[in-house]
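Participant: Below you'll find the structure I mean.
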Amino acid sequence: MKSWKDDDMTDSSDESNHDMVDSSDEYEWEDDGIFKDDVKTVAFKPEWNEESEIPADYIRREYMEIKDMAKKYVAPFLPAKSLMKFRAVSKEWNHWIVSPLLSYQQSTSFYKLSGYFYQTVDVDFQSNPDFLSLDRSANGVPSPSLGFLPERVKVLSSSSGLLLCQGRENYYVCNPVTKVWKLIPCHQYYHGFDPSVVLAFDPRDNIESYYHIVAAVPLLGQPVVFFEIYSSQSNSWKRSSSECLELEGTILIGGGFYMKGMAYWNTTSNEVLAFDVKNEIAAVLHVPIPPGRYGALTQIEDELCYVTAYNDGGDVFVLDIYGGMYMSLKNSVSINLGHKKSRRAFEEIPFIENSTVSCSVLPCFNNADDIVVIYTNERIYLYHLREQKVKALRTPRQLNPQRRFIPYINSLVMLHELNN
């Protein structure tokens, strides 16, 4: 079998040792044979013709073994890398794990932050993407550099396990776990070398895995932003009738954030551009933060928040959390990260000055855990708001404002009608 080693990079070289499957056999939907009447739950015995055979995956609840319970009630809640390890258990498990049914169930059941794709943004595509796993034993991808794509790319956006990438002339949507990808048709308008695009994908009630790509395109020389939208269902682009006229004197920051049907973009003026993908309505959210301070969009308690962080001296960092309809200050938290400043860190003048540690907040979605991710020169910290606990991870090289981090969920979600 192939290994989970990175084809170009080394940061995730000790990932798992199991191959990915790009396609899978057909699979019958499982029926547990149980119905409820007004009083109690009873077993239902379906009638079968003599020529008919009971489906191989049909197991009555009273006959279920532990392995069957694990397949049905545990497997969908595991990250993709963990599931791939179980393919070696038996042929039956291998068939189950690569089935479209489990792909759909897992993509709608597992939604914890698994890690970040990160990359230095440059015009000449000199930097390969890489992957930082929050738990190497459970979360990972076989090719962090996305070397299975036909050209070197930049990672622009992520949504429920899918990545949106940009080549020199084309967009690609892929699942980095299965290495399955789709080439997106050319768009009509110029999006730029670092486009403000968002991948909008929600696997729930969407077994066909339809998705949208929303590009916020500024008009040259005018304070107007219009939107070009790609639909995978129609496999075509269109210009939305909606426009935004409220961002005069500001610049959209490349990449974006998708949550609960809405696409969001940061700007250089600390305003947030929002776009309702279904109804095609644009709006601007004003975040009342001090001048010169920047933050990131984060999902906290199932709502959109804007979080900033700064070092208050020593090991104390302050998190300011803005949210609600008016993006007002909801909470301010002081945390001690126990940051140990090394001699090497003190020598890096652009990043540490006056005995304070420069830091930034990384975008994050947390449907399961309310966490804030803080990026300093030496480490990445995960702060759990409810438990008030801090977990430290390694920092991928030096803090660099040109390096972009894209949050990612380790999912088996499938893509249909692929171009190979």
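Participant: With label points built 7 Å along Cα→Cβ from the Cα atoms of Asn279 and Ala88, find their separation and express it in nm.
Facilitator: Reported label-point gap for Asn279 and Ala88 is 5.2 nm.
Participant: Mind putting a number on the dipole of the range 184-301 about its Cα centre? Charges go on the C-beta only, +1 for Lys and Arg and -1 for Asp and Glu, and I need it in Debye to the nearest 20. Walk me through the intermediate numbers first.
Facilitator: Working: 6 positive and 12 negative charges, 22 e Å.
Approximately 100 debye in magnitude.
Participant: For a test of the definition: using alpha carbon positions, the gyration tensor, and the 1.5 limit on a/c, classify the range 146-239 as rounded, prolate or oblate.
Facilitator: Numbers: a/c = 2.07, a/b = 1.37, b/c = 1.51.
Here the range 146-239 falls in the oblate category.
Participant: Taking Cα pairs under 8 Å and at least six residues apart, what relative contact order does the range 59-154 come out at, in percent?
Facilitator: Numbers: 94 pairs, mean separation 23.1, N = 96.
Here the relative contact order equals 24 percent.
Participant: What is the distance in Å between the Cα centroid of the range 270-299 and that of the range 202-223?
Facilitator: So the separation of the two Cα centres works out to 16 Å.
Participant: Of Lys67/Lys112; Lys154/Lys260; Lys182/Lys391; Lys67/Lys391; Lys182/Lys260, which pairs sit farther than 29 Å apart, going by alpha carbon to alpha carbon? Don't skip to the end; give the middle numbers.
Facilitator: On the way: Lys67/Lys112 24 Å; Lys154/Lys260 25 Å; Lys182/Lys391 36 Å; Lys67/Lys391 33 Å; Lys182/Lys260 24 Å.
Lys182/Lys391; Lys67/Lys391, as the Cα separations exceed 29 Å there.
Participant: I need the peptides 159-170, 285-296 ranked by packing, meaning the mean over residues of other C-beta atoms within 10 angstrom, with the highest value on top. Let's see the in-between values first.
Facilitator: Working: 159-170: 21.6, 285-296: 14.6.
Listed from highest to lowest mean packing, they are 159-170, 285-296.
Participant: Ordered by packing density, taken as the mean number of other Cβ atoms within 10 Å over each peptide's residues, highest first, how do 222-231, 300-309, 193-202 rank? Could the numbers behind the result be given before it?
Facilitator: Working: 222-231: 17.8, 300-309: 19.6, 193-202: 22.7.
The peptides rank, most packed first, as 193-202, 300-309, 222-231.
Participant: If R₀ is 30 angstrom, what is the calculated FRET efficiency for the pair Lys389 and Leu329, using the beta carbon separation as r and rounding to 0.05? Intermediate values should be presented prior to the final figure.
Facilitator: On the way: r = 23 Å, r/R0 = 0.77.
Efficiency, from the Cβ-Cβ distance: 0.80.
Participant: Quick check: net charge around Ile289, other residues with Cβ under 12 Å of its Cβ, Lys/Arg +1 and Asp/Glu -1?
Facilitator: Details: positive: Arg293; negative: Glu271, Asp320.
Result for the local shell: -1.
Participant: By per-residue mean of other Cβ atoms within 10 Å, what is the highest-first order of 320-326, 88-94, 74-80?
Facilitator: Ranking the peptides 320-326, 88-94, 74-80 by packing returns 74-80, 320-326, 88-94.
Where a number appears in this text, it was derived from the coordinates with a stated rule and is not lab data. Note that the structure is a prediction, hence the values are computed from the model and not measured. Neighbour counts run over all protein chains shown; Cβ positions are idealised from the backbone, glycine included.
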